[in-house]
Amino acid sequence: MAKVLEGYSGIHKDYDRFMNKAKVAIFAAIVSFLLIDWKGFFFFIMAICIAFAMHQISKAKNFKIGVQGERTMKRICRKLPDAYSVVTNVELHVDGRAIHYDAIIVGPAGIFVVEAKNMNGTIIGSGTSLELVQHKIGRRGGRYSNRVRNPIRQLDGQIFQLSNLLKQHQLGVWIKGIVFFTNKEAEVKITNANVPVFSTSQKGAKLLKKMLLEIEANQQHVSQQAQDKAIAVLTGQTP
């Protein structure tokens, strides 16, 4: 089982912030309900609290899908071989700006930047295009399509920035990108991809593990010292 070092992403922060506000409002609504018999004014306060709580819950839902995807990715990463470590929800500061990484795998086979997507439906497109097309069936059976940003193209910038950061710490380690669709209801049909694309519905966890072991068998291993140093950079433990 791989070692997973968990960060705390902006998605989690936003989700928790809205849900905490909703909990406070619900508590206030309950207190107001208990005081209704004493003063009718509290009925008005209770109604406002309930409305506010529902509004905050609605906002939290916008981040719930991302939170669920991150949790699924962590479970997948824990099933990797013992020799691997995975840092999730990484926020690195490069040239004065923050760059978010869903997960970075570090092990004998190298360093892998993972872009996780929790989309459902059928995902179609080319790895070279700027956008992919997501075909979905709504709750009432209606079919509709949505264009989404191509995560493969997003990886290029992330890998470039991470490579530069590691070089600043005298680490010239091979870095490769991975796209992982974590939603079990996603059917992925992406052509011309220059990086591995996995999905939970298509045995992605097993294929990811298999890929790492095959790279280990055919390429020179990254030393344990280099792995430890890379993890220290990713977790902010370097001077």
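Read the figures in this text as sums done on the coordinates, not as results from a lab. Predicted, not measured: the structure shown is a model, and the values here were computed from it. Glycine also receives a Cβ, built like all others from the backbone with ideal geometry; neighbour counts cover every protein chain displayed.
A few comments on the model shown:
- Positive contributions from Lys and Arg (+1) and negative ones from Asp and Glu (-1), summed over other residues with Cβ under 14 Å from the Cβ of Val173, come out at +2.
- In straight-distance terms, cross-link reach from Lys167 covers every one of the aspartates and glutamates whose alpha-carbon lies under 18 Å from its own, apart from those fewer than eight places away in the same chain; here that gives Glu91, Asp95, Asp156, Asp228.
- Full-extension gain in nm, Val24 to Asn120, via 0.36 nm per residue minus C-alpha separation: 31.3 nm
- Label-zone membership for the range 165-199, site Ser129, 7 angstrom Cα→C-beta point, backbone N under 16 Å: 187-194
- Exposure proxy order (Cβ contacts within 10 Å, fewest to most) of Arg140, Arg149, Arg17: Arg140, Arg149, Arg17
- Against the chain, whose longest principal axis is taken from its Cα atoms, helix 204-218 shows a tilt of about 20°.
- Pairwise label distance in nanometres, His169 with Met54, each label 7 Å out on the Cα-Cβ vector: 4.9 nm
- Between 0 and 90°, nearest 10: helix 224-234 axis offset from the chain longest Cα axis: 30 degrees
- Residues Cys77, Cys49 arranged by fewest to most Cβ contacts within 10 Å: Cys49, Cys77
- Gaussian network model of the chain, Cα within-10 Å springs - most flexible of Val87, Val148, Val173: Val148
- Near Tyr84, the amide H atoms lying under 5 Å from its own belong to Lys3; only residues 5 or more places off or on other chains count, and H is placed 1.01 Å from N.
- A Förster distance of 30 Å, applied to the separation of the beta-carbon atoms of Phe43 and Arg17, puts the FRET efficiency at 0.60.
- Neighbours of Gly127, meaning other residues whose beta-carbon lies under 15 angstrom from its beta-carbon, give a summed charge of +2 when Lys and Arg score +1 and Asp and Glu score -1.
- Percent RCO, i.e. relative contact order, over the range 58-185, from Cα pairs under 8 Å lying at least 6 residues apart: 24 percent
- Scoring 113-123, 188-198 by mean Cβ neighbours within 10 Å over their residues and listing the highest first yields 113-123, 188-198.
- Reported to the nearest whole Å, the Cα centre-to-centre distance from the range 156-209 to the range 65-110 is 10.
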